[in-house]
1. Note the count of lysine pairs whose C-alpha atoms are less than 29 angstrom apart in the chain, limited to pairs 8 or more residues apart or on different chains.
2. Evaluate E = 1/(1 + (r/R0)^6) for I306 and L12, where r is the Cβ-Cβ distance and R0 equals 30 Å; express this FRET efficiency to the nearest 0.05.
3. Could you pull out which residues in region 121-145 have an amide N less than 16 Å from a spot 7 Å beyond the Cα of L354, following the Cα-Cβ vector?
4. Rounded to whole Hz and in sequence order, give me ³J(HN,Hα) for region 72-84 from the Karplus expression 6.51 cos²θ - 1.76 cosθ + 1.60, θ = phi - 60°, writing x for Gly and Pro.
5. Given charges of +1 on the Cβ of Lys and Arg and -1 on the Cβ of Asp and Glu, with all other atoms neutral, how large is the dipole of the chain about its Cα centre, in debye to the nearest 20?
6. Rank P77, G133, G333 by how far each Cα sits towards the positive end of the charge dipole of the chain (+1 on Lys, Arg Cβ; -1 on Asp, Glu Cβ) and give me just the farthest.
7. Assign one of three labels to region 215-346, namely rounded, prolate or oblate, based on the Cα gyration tensor with a ≥ b ≥ c the square roots of its eigenvalues; rounded applies when a/c is under 1.5, prolate when it is not and a/b is larger than b/c, and oblate otherwise.
8. Only one of the values (i) 73, 52, 42; (ii) 59, 47, 46; (iii) 64, 46, 40 was calculated from this structure for Cα extents along the principal axes in Å; name its label.
Amino acid sequence: MNSNATAKNLFLSFLRLGLTAFGGPAMVAQIRELSTRRNQWLNETDFKNGVALCQSIPGATAMQTAAYVGLRVRGIPGAFAAYLGFGLPAFILMLILSIIYARFSDLPRFISLFNGLQVIVVAIIISSVYSFGRNIANNYRSIIIALLSAFAFWGGVSPFIAIVGAGIAGMAFSRASSSKSAADSDMRRTSTAKHIATILISFLCCFAALYFLNNKLFALGAVMLKIDIFAFGGGFASLPLMLHEVVMGRGWLDSKTFMDGIALGQVTPGPIVITATFVGYLVYGISGAVVATIAIFTPSFFMLVIVAPFFDRLKNSVYFLRAIDGVFASFVGLLLFVCFKFATTVPWDVARILLGIAALAALIRKVDILYIVLAGAVVSVFIL
C-alpha cells in the first residue's frame, strides 16, 4: 500500500481537488492525474476499471470515481474520506449561495440574473440530450426506448416506472448471458462485509430516527434517496427524477426556482446533483440542506462499495449490460421532456434566443461550463 494513502491524506487531496471540481464528469481526468500519476495510488488499468464501474451504477460519476480510488487504496475508510473530501466544497458553497438566493432573489438585479441563467440551463439540458443521444443514435431499439420513455413521462407516468420498464426492455433483447469469475481478491479484502454492514446499519438507524424526530425532513430525505438510487448515467440523469418529485409531484418548488437551483449548481464545484442542497435549504432551511445532501449521495456510495468486488462478473453479463443500455436510453427520453418543460418556462425574445444559441455552441465546443455560466450571468445583468 502506498505510504501516503492514509485516510487523512485522501481526504485532504480530494478536498483540494474538490475546490476546483468544475465540469462534472470532466473531473474524472483530474482524478486520474491525482491518483495514477501524481500519487501513484492506482495503475492505469485499475483506474479504467473503476471508471467503467462508476459509469454502470447510479450516482455522479466523478464523485463515485473519487470514492473508488479511496476504496482501492484504503478500503471503506478511504472511500468515505475521498468521497467526503471531494463533495464538501460543493456543499458549503451551494449552501452559501442558497442562503443568498433566499434572501435577495426578489431584487431586480437578481431577477435579471436568473432570467438569463434560465436560458443557460435550457442550453445545458439540450447539450446533455445531445451527449446522451449520440450514444444511442445507431441503435434503433434504444431510440424506441427513449421515445417511449419521453411519451410515458409526458403522459404522467412516474419516471421511476419508466426507468424500470426500460431496464426490463433492455434485458428482453438479450438472448444469452455469460460471466467470468474474475473478481479482484484484493478488492474483496478491502470491501469487507463487516465494514459495509456497520456503516449501512448506522445510516439506516439514523434515518429511522429522523422519521420520529422530524417527519418532514424524513420525507425530504426519502425523496433524495430514491432519486439517487435510480440516477443511472451520472448527475444529469437525476434532473428528470428531481423535477418530477420536487416540482411536479410535491410542489415544493416551481419550475423557475428549480431552474435557478440548477444554474447555481453550475457555478459551484462538484456534480449537478448538488442542486439537492438548494432544494433542501429552500424547503426546510439548513437542516433540510444537510439531510437532502446526505441522502442524494448515500445510496450510490453504498452501491459502489457493495458492487465493486463483483463488477468483473457483472460487466461480462449480457443481461446486465443490456439492462444498463435500456436505462441509459430512457434518460434520453426523460431529458427530452425536461428540456421541453424548462424551455416553455422561459419568456423567449431575440436576446434570449441569441444567448441560448451562443451557450449551446460553446457547450458543444467543450468550453468550460463555468465560463459559460459566468458569461451568461454578465449578459443577464447588463443586457436582459
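1. Final tally of qualifying lysine pairs is 20.
2. Computed FRET efficiency for I306 and L12: 0.70.
3. Label zone hits: none.
4. Going residue by residue, I get 5, 9, 9, x, 4, x, x, 4, 5, 4, 5, 4, 5 Hz, with x marking Gly and Pro.
5. Numbers: 28 positive and 14 negative charges, 130 e Å.
It comes to approximately 620 debye.
6. P77
7. Details: a/c = 2.21, a/b = 1.41, b/c = 1.56.
Here region 215-346 falls in the oblate category.
8. Recomputing Cα extents along the principal axes in Å here picks out (ii).
Computed from the coordinates by the stated procedures, all read-outs in this text should not be read as laboratory data. Quantities reported herein were computed from a predicted structural model and do not represent experimental measurements. Note: ideal-geometry Cβ built from the backbone for every residue, glycine included; neighbour counts use all protein chains shown.
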